[in-house]
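Here the structure is laid out as structure tokens; the discussion comes afterwards.
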Amino acid sequence: QRVTQSEAGLGVEHLWSEGASLRTEVVIGGHPILTVVHGNRYWTVDAITGEGLSVTRHPRAVEASKKKGRPFGDEAARIVAQGGEFIRNETLGGEASCKLYKLTDDRGRQEVCVQEKLDLPVFLRNWDRSSNREAVTRYVNWIQDIKIGGAFFDPDPRFKLKTLTYEAFLKAAQDGSLGATPVLYPHMLHGERDS
């Protein structure tokens, strides 16, 4: 579970993964949005309307998933890869501590604190320079070693999914014909782009 607080409000996400497969649920404007990434497919569905998209992922996203494993909770590695650095150890309470990493660039500032023993993020702070806004994300309830069946990463067959190739998705995004279901976790669809 991941909780994000910003000027826009409070967001709560539930995330599951097995290897590179991802399933998330988040409520946006009262609509539960389900996102599933499995193999070369990316699904996003509004669970109230039962409508959504099934899109072929860009090959660079599929390749990155194979190399990376768990598709979330890798903020420290991403920050370091972009030039960020270790700042200090922080005490979380009791004997728990985390390693704080920080990246400051033209876009703003990102900080992540990672539990030392488990190498899992505890919190992430993002400050956007252009809007002068900050968002704080806290990871809650890391639970490991749950066996998840493959069907968990398949959308319910009752959903009405519009199936698109990656190229058709880009075209529909440009002409505004995608519909209202949001595309969350875009790096899982497009892959990391060069900045």
Checklist entry - Since residue 62 meets every condition but one in (1) assigned to a helix (DSSP H, G or I); (2) at pLDDT below 90; (3) open to solvent by less than 50 Å² (accessible area, probe 1.4 Å); (4) not polar (S, T, N, Q), which condition does it not meet? => result (2)
Item to check | Qualifying strands (runs of 3 or more DSSP E) (wholly inside the stretch 112-195; at least 3 residues being open to solvent by less than 60 Å² (accessible area, probe 1.4 Å) and either in contact with a Ser or Thr (Cβ under 7 Å, 6 or more places away or on another chain) or among the aliphatic types (A, V, I, L, M) (or both)) | outcome: 121-128, 133-139
Checklist outcome for this item: When (1) closer than 16 Å to residue 150 by Cα; (2) out of contact with any helix residue (DSSP H, G or I) (no Cβ under 8 Å at 6 or more places or on another chain); (3) open to solvent by less than 30 Å² (accessible area, probe 1.4 Å); (4) small (Gly, Ala, Ser) are applied to residue 17, the one that fails is (3)
Checklist entry - Between a first residue in the stretch 148-162 that is under 12 Å from residue 34 (Cβ atoms) and a second residue that is of a type in the set (D, E, K, R), which pairs have beta carbons less than 6 Å apart while being 6 or more apart in sequence or on different chains? => result 153/23
Next on the checklist: Looking at residue 91 and the list (1) farther than 24 Å from residue 192 by Cβ; (2) part of a strand (DSSP E or B); (3) touching a residue at least 12 places away in the same chain (Cβ under 8 Å), which single condition is not satisfied?
Outcome noted: (3)
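Each row is one residue, and each column tells you yes or no for (1) under 22 Å from residue 168 (Cβ atoms); (2) more than 14 Å from the chain's Cα centre (by Cα); (3) open to solvent by less than 30 Å² (accessible area, probe 1.4 Å); (4) touching a residue at least 40 places away in the same chain (Cβ under 8 Å).
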site: 33; (1), (2), (3), (4): yes, no, yes, yes
site: 36; (1), (2), (3), (4): yes, no, yes, yes
site: 50; (1), (2), (3), (4): yes, yes, yes, yes
site: 98; (1), (2), (3), (4): no, yes, yes, no
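The values are calculated or read from the model by the stated rules, or taken from the named source; none is laboratory data. Note that the structure is a prediction, hence the values are computed from the model and not measured. All Cβ positions, glycine included, derive from the backbone under ideal geometry; neighbour counts span all protein chains shown. Note: accessible area is taken over every heavy atom of the protein model, side chains too, but ligands, DNA and RNA are not part of it. Shrake-Rupley method; radii C 1.70, N 1.55, O 1.52, S 1.80 Å.
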